[in-house]
Amino acid sequence: MGFSLGQVVPWGRTYAEYARMFALAPSDMAGDILGCGDGPASFNAEATAKGHRVTSCDPLYRYAKDDIARRIDETADVVLDELRKNASAYRWNEFATPEDVGRARLSAMARFLQDYDTGKAHGRYVDAALPALPWPDGRFSLALGSHFLFLYSDHLDTDFHVRAMLELCRVAREVRVFPLTKLDGSPSPHAPAVLDALRLRGHEAEVVPVPYDFQIGAEAMLRIHCAA
């Protein structure tokens, strides 16, 4: 089945969240950054406003702004209801209540929508998806993968994860992926095979704790220094 907007549940995160999820230092943002699977996050819009060079890719970007906005309106309450039902799976330090999460996400997505048409015209939002990206080898200094790989372990098999991670290492000199857990917060069963595949090809891969503490069990990222 091909990708369709009806399958998407947009849920965008902010620049500040990215900074904690990926333990980003100022020096990390000095090069060309790829946000892979960014969806309706405001990371690109906020980073661009700060003078950073960020390209986001996601199949969501084949759709028009109004269509994405409509899908956000259709799904936001559903996602928030699920968050309320599963509140015990989260630590309420980053946010005080599910309603706080909802406000933050809607604000991030509004910022994304405000930037979307301009960013798309400038090539900052690209319709592309793993495991095949349209850029040459080593195009980016850093690639960030937020809430896609590992999270959807029940939907995407080990082979997909291995090919996707190797593709990220092809286009970037460093890769960081968060989280390493499934949707239910349990460890991804694909992580050991991914680590083995990366190391077999000469990439340096390690699991690193990060200063982001929201979903229980999701407290570390995979960091890869990619071989040339």
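The values are calculated or read from the model by the stated rules, or taken from the named source; none is laboratory data. Quantities reported herein were computed from a predicted structural model and do not represent experimental measurements. Cβ atoms come from the backbone with ideal geometry, glycine included; neighbour counts cover every protein chain shown.
Points worth noting:
- Cross-chain or 6+ apart pairs with Cβ under 7 Å, region 185-196 first and closer than 22 Å to residue 226 by Cα, then not hydrophobic (A, V, I, L, M, F, W, C): 188/153; 188/181; 188/182; 190/153; 190/158; 190/161; 193/158; 194/161
- Residues that are part of a loop (DSSP other than H, G, I, E, B) and either surrounded by fewer than 20 Cβ atoms within 10 Å (Cβ to Cβ) or aromatic (Phe, Trp, Tyr) (or both), drawn from region 131-150: 131, 134, 135, 136, 137, 138, 139, 141, 148, 150
- In region 82-89, the count of residues that are closer than 24 Å to residue 215 by Cβ and either in contact with a strand residue (DSSP E or B) (Cβ under 9 Å, 6 or more places away or on another chain) or modelled with pLDDT of 95 or more (or both) is one or more.
- Cβ-Cβ distances below 6 Å connect no pair with a first residue in region 80-92 that is in contact (Cβ under 8 Å) with a residue 60 or more places away in the chain, a second residue that is part of a helix (DSSP H, G or I) and surrounded by 12 or more Cβ atoms within 10 Å (Cβ to Cβ), and a separation of six or more residues or different chains.
- Each residue in region 1-36 was checked for being more than 19 Å from residue 215 (Cα to Cα), in contact with a Leu (Cβ under 8 Å, 6 or more places away or on another chain), modelled with pLDDT under 95 and not in a helix (DSSP H, G or I), and 1 of them qualify.
- Pick from region 170-228, criterion of a type in the set (Ser, Thr, Tyr) and touching a Ser or Thr at 6+ places or on another chain (Cβ under 8 Å), ranking: surrounded by the most Cβ atoms within 10 Å (Cβ to Cβ): 188
- Region 182-221, subset polar (S, T, N, Q) and modelled with pLDDT under 95, residue nearest to residue 150 (Cα to Cα): 186
- Number of positions in region 49-61 that are surrounded by 15 or more Cβ atoms within 10 Å (Cβ to Cβ) and in a helix (DSSP H, G or I): 3
- Selection status of residue 84, buried (at least 18 other Cβ atoms within 10 Å of the Cβ), at negative phi, assigned to a helix (DSSP H, G or I) and of a type in the set (Lys, Arg): no
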